[in-house]
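Student: Mind looking over this structure? Questions follow.
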Amino acid sequence: MKPIVAIVGRPNVGKSTLFNRITRSRKAIVDDFPGVTRDRIYGDARWEEVSFTVVDTGGFSDFKPEEFGPLVRYQVMQAIEEADAILMLMDGRQGPTPVDTDLVDSLRRLSKPVFYCVNKIDGPRHESALADFSVLGIEPLYPVSAEHGYGVGDLMDALSAVLPRTTPEAAPGRIKLAIIGRPNVGKSSLINRLLGDERLVVSEIPGTTRDAIDTVCRVDNRQYVLIDTAGIRRKGRVKGKLEKFSVIKALKSLNRCDIALVMMDAAEGVTDQDVRIAGYALERGRACIILLNKWDLVEKDSASAKQYVDTVRDRLKFLGFAPVLTISALTGQRAFKIFDWVETVYEQYTTRISTGRLNRVFETLINQHEPHMYRGRRIKFYYATQVYASPPAFVCFVNYPQGIHFSYKRYVVNQLREALGLNRTPIRLIFRKREKR
């Protein structure tokens, strides 16, 4: 397992900027507003021959203590406890503060390497600011500029020297699952239930999760990457640059997942925004599993589950292939049934069909029902081939692709699902004109 390095400090000292620089990514949201990072954000990094995992944390003293302060502080302490080394970041422009003093006192008690870094030192002429931090009684101090990179190389040299060397593990195929949905439908609660660990901040306040967070879990010798995302609001309710970034990151998470777990509040029913979010997943070609959460709050009789599923099917006709599962993240009801469906869906989502078998299926379905004439001419099907998987995409070469009605395309897709056993995955079908030889 890779060693873990935690970045800690008070709000707005540049922790996320340093995280992005070390991991060479834009994974953590960066904004000139204290308290942006609330959960722990994980990223892989490598310096010289040393690989390690970096953890970005929330500010040690949150800007809204009545809402998130205890939760964020708990996350910071968890990150410190699991880390092999710690980078404590302070603000060279503001100088030491009482919060810095409290954090330094806490870190002094640890029996693990701690690197005290003064950020926003953009060059040698600014290093005189280090003198202000002598009152903390810590050394050495590492002057750095997370934004411009000054001093980061020296810090990484010192850090890599104390980290344990590990041999890279052979990474088995991991199925990436993005949990998407409106704010406050229980996305983080579900991940905590699956992990059996308070790894993510969970709150009843909508909008708690802002970043897309990756967590690896193992179930029955299979590894899964769980991607928690910010709640996606209606455009009219997205206010401020920060929340717009959160929505963008949630949508980007769809681009890198295999299966979208589209989560809805069963107690509220399917809303227009739920339909819109499910559409985002389909547009990006993701396999989907629909989760009706908070099922424990729904008044039920013997017909309730079927009625709910029928309602969902009616509202989400375009996701007719997606399984629908009623769960409760709070009680754990049917939570682990999700992985059974994930295996079924993933197998179909990554299926590859031989060209010979595919063309035999096409020949049968065309003989059963030929397309209509196009401008008095018969549409001819020459051959079909699968061009890629995830999701399965097929190109069919014909003489008049523009003459194929959408209803006939729907017929072909439905027949392919039945003949090829692809009833739980999206299918892409492209009709293309065969070039003359």
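Student: Can you give the FRET efficiency to the nearest 0.05 for residue 139 and residue 385, using r as the Cβ-Cβ distance and R₀ = 51 Å?
Tutor: In this case the efficiency is close to 0.15.
Student: Per-residue HN-Hα couplings for region 329-336, Karplus 6.51 cos²θ - 1.76 cosθ + 1.60 at θ = phi - 60°, whole Hz, x for Gly and Pro?
Tutor: 5, 5, 8, x, 4, 6, 4, 7
Student: While we're looking at this one, here's another question. According to the square roots a ≥ b ≥ c of the eigenvalues of the Cα gyration tensor, what is the shape class of region 268-346, taking rounded for a/c under 1.5, prolate for a/b larger than b/c otherwise, and oblate for the remainder?
Tutor: Verdict is oblate for region 268-346.
Student: If I compute solvent accessible area with a 1.4 Å probe over the protein chains, what percent of it on region 283-412 is carbon and sulfur?
Tutor: Carbon plus sulfur share of accessible area: 50 percent.
Student: Could you put 381, 339 in order of accessible surface area, largest first, with the 1.4 Å probe and the full protein assembly present?
Tutor: From most exposed to least exposed: 381, 339.
Student: If I ignore ligands, DNA and RNA and count only protein heavy atoms, how much of residue 372 is accessible to a 1.4 Å probe, in Å² to the nearest 10?
Tutor: In the full protein context, residue 372 sits at about 140 Å².
Student: Also, I was wondering about something else. Subtracting the Cα-Cα distance from 0.36 nm times the residue separation, let me have the gained length for residue 161 to residue 368 in nm, one decimal.
Tutor: Going from the current span to full extension adds 67.5 nm.
Student: Let me ask something additional. How much area per residue is accessible in region 331-434 when the probe is 1.4 Å and only protein heavy atoms are counted (Å²)?
Tutor: Normalised by residue count, the accessible surface of region 331-434 is 56 Å².
Student: Ok, one more. Within region 402-418, name every residue whose backbone N is under 13 Å away from a label modeled 7 Å from Cα of residue 375 along the Cβ vector.
Tutor: Flagged as within label range: 402-404.
The values are calculated or read from the model by the stated rules, or taken from the named source; none is laboratory data. Since we're looking at a predicted model, the values are computed, not measured. Methodologically, a virtual Cβ is constructed for each residue, glycine included, from the backbone with ideal geometry; neighbour enumeration extends over all protein chains shown. Note: areas computed on protein heavy atoms with side chains; ligands, DNA, RNA excluded. Shrake-Rupley method; radii C 1.70, N 1.55, O 1.52, S 1.80 Å.
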